[in-house]
Amino acid sequence: MYLIKKIEVEIKKMKIAFIGAGSIGFTRTLLTDILSVPEFQNIEIAFTDINQKNLDMVTELCQRDMNENGLKIKITSTTNRKEAFTNAKYIINCVRIGGLEAFQTDIDIPLKYGVDQCVGDTLCVGGIMYGQRGISAMREFCEDIKAVTEPNCLLLNYANPNAMITWACNEFGVNTVGLCHGVQHGHHQIAKALGYKQEEVDIICAGINHQTWYISVKHNGIDLLDKILPAFENDAELSKTEKTRIDMLKRFGYYSTESNGHLSEYLPWYRKRPDELEKWIDLGNWINGETGGYLRVCTEGRNWFEVDFPNWLKEEPKKYALKNRSNEHGSYIIEGLETGRIYRGHFNVVNNGCISNLPDDAIVEVPGYVDANGINIPKVGDLPLGCAAVCLNSINVQRLSVKAAISGDEMLLKQAVLLDPLVGAVCNPPEVWQMVDEMLIACEELLPQYKSVIADAKKRIKSGNLVKRNAIKGTRIKTKTVEEMAADKDKARALAGAAEKAGL
């Protein structure tokens, strides 16, 4: 990920809108990245969110940063989505539809059926149901985008399930690119394990979001692929925290982008037997495989932010400088398109033949170049067969999920859950049908496309003619109270700031 060429330009004033701007750390990080580009320090910014309280807090914090950096921008902060979108050239989406309350159902209900998820926001039954809520909302967002934004407005989607949301938005007729930081994080991890700085190691990653494979890893033109496995196995920390990823590397020959906990829930082998789970995860950090780990840290982060917010305003403001930018792709893409400076990254786009042994309609995560001519995606060719097969399993689930969410087709939805690798390893068909009924009912207000379906589901559940469930507890860690978090305020504040894309 880097800017290849610097070009001095002058751009016309433009508007960037954020959906789900009440997110604690993510909105502020992305906005800081954008305003660190000198040419963007006179643009229009609009924030929109359905939660007025969170929107007000984040707006106050970001406006304070702007004022302290000497910018004259006044944030348009509104719960009126169309007002925020009007005349926007770029829209950044970081919503969590249903917030943490709906997220809780994505974790808790599957556990009653023996399905143990670490995150539950990309694949598995939690990710599928999250996608049903998200796609329902995105249909309305996309109608507004087409109605009031600038022609050819670009939607940069950070919301999960990233591939499903990006897939649906493109079907709704909005030019959408999905963005994630998994490739950058894995790139850093590989370089460090091999004893290099990240910028010294060149990579090509290809696959689907959260199942992207480092198919080329080189230093000064020398191939390093065969050195990654021994480097990870001999690393004191990585050999403990990345056991699932190392096992996949051993059996498929390529390292995967996503964290140990995430990866373990996308596959049928690592989380299906509760008595074996600890062989594949590590509880030192939630991201290594803790049951419901992301839900826990997001909950703790939200609770702490609400208590600690006045102290955030007393801290030093963010400094808008190029050296302070994060590795998130969003600001670099906008900079490339507006200034012509060439940027290389990895983006989620409609395949259209880029990966030749994956379906054309799928959303793939692949290398791309951005300049004034647009976002340009080179042809990758075939993925290694084993890697492609893993991705194909997930793509089939994604396609069914997207079509179900758009049409409100109960059968497609239940087929998607049944075909999910981890669910299929744990549940039989009657259990899947009943689990989906429960999850539809739990989020009824957020699933208008299933209104009649949910009415029938309620009748089935109320009848009492239910299948027996195989409930498990998983490896859950107790959510800390605000009082408990206060014992380490610095850690609590860092957690709140890092609770990204949680819609807080």
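The simple spin-label model puts a point 7 Å past each Cα toward its Cβ; for Asn327 and Val148 those points are separated by 3.7 nm.
3J(HN,Hα) along the range 290-298: 3, 4, x, x, 5, 4, 4, 5, 5 Hz, from the Karplus curve 6.51 cos²θ - 1.76 cosθ + 1.60 with θ = phi - 60°, whole Hz, x for Gly and Pro.
Tell me, what is the percent relative contact order of the range 275-402, built from C-alpha pairs under 8 Å that lie six or more residues apart?
On the way: 126 pairs, mean separation 19.4, N = 128.
Normalised by residue count, the contact order of the range 275-402 is 15 percent.
Backbone phi angles across the range 480-493, fed through the Karplus curve with coefficients 6.51, -1.76 and 1.60 (θ = phi - 60°), yield HN-Hα couplings of 6, 7, 4, 5, 5, 5, 5, 5, 9, 5, 5, 5, 5, 5 Hz in residue order; Gly and Pro are listed as x.
Pairs of Cα atoms under 8 Å, at least six residues apart: use those to get the relative contact order of the chain, whole percent. Don't jump to the answer; show the numbers that get you there.
Numbers: 1023 pairs, mean separation 113.4, N = 504.
Taking the mean separation of contacting Cα pairs over the length of the chain, I get 23 percent.
A cut-off of 5 Å between modelled amide H atoms, ignoring neighbours fewer than 5 places along the same chain, links Gln117 with Gly292. At a Cα cut-off below 29 Å, give the lysines reachable from Lys489, other chains included and same-chain residues fewer than 8 away excluded. Answer for Lys489, where 29 Å is the Cα cut-off: Lys53, Lys240, Lys314, Lys318, Lys319, Lys323, Lys478, Lys480, Lys501, listed by chain and number. For a label point 7 angstrom out from the Cα of Phe309 toward its Cβ, which stretches of the range 60-90 have the backbone nitrogen within less than 11 Å? 60-61, by backbone N distance to the label point.
At 1.4 Å probe size, with every protein chain present, just tell me what the per residue accessible area of the chain comes to in Å².
On the way: 20100 Å² over 504 residues.
Per residue, the chain has 40 Å² of solvent-accessible surface.
Once percent of Cα pairs over 39 Å apart is calculated for the structure shown, the corresponding label among (i) 39; (ii) 25; (iii) 20 turns out to be (iii). Under a 5 Å amide H cut-off, with hydrogens placed 1.01 Å from N, Asn87 pairs with Thr149, Glu150 among residues at least 5 apart or on other chains. Cross-link partners of Lys379 among aspartates and glutamates, defined as those whose alpha carbon lies under 18 angstrom from its own and excluding same-chain residues fewer than eight positions apart: Asp202, Asp360, Asp361, Glu365, Asp371.
Expressed as a whole percent, the accessible area of the chain that falls on carbon and sulfur atoms is 50 (1.4 Å probe). Here the calculated FRET efficiency for Ala494 and Asn465, from their Cβ-Cβ distance with R0 = 51 Å, stands at 0.55, rounded to the nearest 0.05. The value of relative contact order for the range 122-248, using C-alpha pairs under 8 Å at least six residues apart, is 16 percent.
Derived scalar couplings between HN and Hα for the range 30-37 equal 5, 5, 4, 4, 5, 6, 7, 7 Hz in order, rounded to whole Hz, by the Karplus curve 6.51 cos²θ - 1.76 cosθ + 1.60 (θ = phi - 60°), x for Gly and Pro.
Sorting 431-440, 149-158 by average packing, meaning the other beta carbons within 10 Å per residue, from highest down gives 431-440, 149-158. Cross-link partners for Lys458 among the aspartates and glutamates, with Cα-Cα distance under 13 Å and sequence neighbours closer than 8 places in the same chain left out: Asp437, Glu438, Glu444.
The values are calculated or read from the model by the stated rules, or taken from the named source; none is laboratory data. Since the model is a prediction, treat every value here as computed from it, not as a measurement. Counting neighbours? That spans all protein chains shown, and the Cβs are built from the backbone with ideal geometry, glycine included. All accessible areas refer to the heavy atoms of the entire protein, side chains included, with ligands and DNA or RNA removed. Shrake-Rupley method; radii C 1.70, N 1.55, O 1.52, S 1.80 Å.
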